[in-house]
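One structure is given below, encoded as structure tokens.
The values are calculated or read from the model by the stated rules, or taken from the named source; none is laboratory data. Being a predicted model, the structure only gives us computed values, none of them experimental. Every residue, glycine among them, receives a Cβ derived from its backbone with ideal geometry; neighbour counts consider all protein chains shown.
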């Protein structure tokens, strides 16, 4: 049963933030606090723990309104820098998905011979202040007679541009290897044959949902760091799956929770919102997210003190097993092992590499810490928590 001997509320913590008295530490720093003071002592000492992650997050995109033309157009088909967008919303509204590739020959349209350009790069270019080519076609109506439109657009001139990502900040993910005899190209990066390398993709002990594994503080309305500015959690993301085996601390042993997030693109920075090209697979968007975890009680304090040694994930064959739907675990490893540079698989050392940036995740956690300490960022109390696990915290494969 939860142990709630130390109790705080969002309102109490926000008052301390307003008065400049809140004690804020990053998730990395909280590990040492919990080890030194224990969970109860940490809960009495610390008010907020900040987290961070920066990684390719394919289920991302943006809603954009590009403004009415004269005469008006009801844009049915739309392209930004040659990347198809969804136009079935309204007259001059669109949604651009991060993984949508440029139309035609994707390797030689925008940046000849260099990399695959797509929706994530368009978003990155807009946030970088670059001009982007808009092309729209319509069937024409009495109220919107124009059938074709071409113009250059910039983020600053758009009436509306909002990042809206259906699935971000995955709570744990597989470690990918390739057991076949040929190199394979996947969303987990290039995987060499015969388990020649192993790729993984979270910031471990800094990752937001690892620090609130049972979703006790995160939900609709949670205020977050998103792309360099303030954003919000909309609700649980697509593929949110809380009912997975977990450790005694509540840490999922495999992919579990996700969040849908939103924020104003006009306030974002390309340092924390970057287009990504994955060789032989496609394009994506690297997103920077930081979630503040209020230390409401000692159970939450203990969980925010989680270390890479306590976080585990599964090694899965992406060469044959994953594509066939039979991606059973080959081994369970800790994030401490992954970050060491090597894991052992069947007695053989396999070199590891992250798709996420731990350095930038740490930067995000520290920026968010500074915002809170300066009183510029208050906690958003969720109106509805993310759906939690229906079973106990312990489980086995």
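At a glance:
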quantity: Those helices (runs of 4 or more DSSP H) lying entirely in the stretch 291-374 with at least 2 residues over 21 Å from residue 249 (Cα atoms); calculated: 358-373
quantity: In the stretch 174-214, residue surrounded by the most Cβ atoms within 10 Å (Cβ to Cβ) [restricted to those that are in a loop (DSSP other than H, G, I, E, B) and at positive phi]; calculated: 195
quantity: Residue in the stretch 154-171 that is at pLDDT 95 or above, under 28 Å from the mean Cα position of the chain (by Cα), part of a loop (DSSP other than H, G, I, E, B) and farther than 19 Å from residue 264 by Cα present; calculated: yes
quantity: Residue, surrounded by the most Cβ atoms within 10 Å (Cβ to Cβ), within the stretch 87-113, restricted to residues that are under 24 Å from residue 268 (Cβ atoms) and at pLDDT below 90; calculated: 110
quantity: Selection status of residue 84, part of a strand (DSSP E or B) and at pLDDT 95 or above; calculated: yes
quantity: Subset of the stretch 128-152 [in contact with a helix residue (DSSP H, G or I) (Cβ under 9 Å, 6 or more places away or on another chain) and without any contact (Cβ under 8 Å) to a residue 60 or more places away in the chain]; calculated: 129, 130, 131, 132
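Residue-wise test of (1) under 30 Å from residue 218 (Cα atoms); (2) in a strand (DSSP E or B); (3) in the same structural domain as residue 303 (by TED's automatic domain parsing).
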residue: 34; (1), (2), (3): yes, no, yes
residue: 37; (1), (2), (3): yes, no, yes
residue: 41; (1), (2), (3): yes, no, yes
residue: 44; (1), (2), (3): yes, no, yes
residue: 49; (1), (2), (3): yes, yes, yes
residue: 62; (1), (2), (3): yes, yes, no
residue: 75; (1), (2), (3): no, no, no
residue: 78; (1), (2), (3): no, yes, no
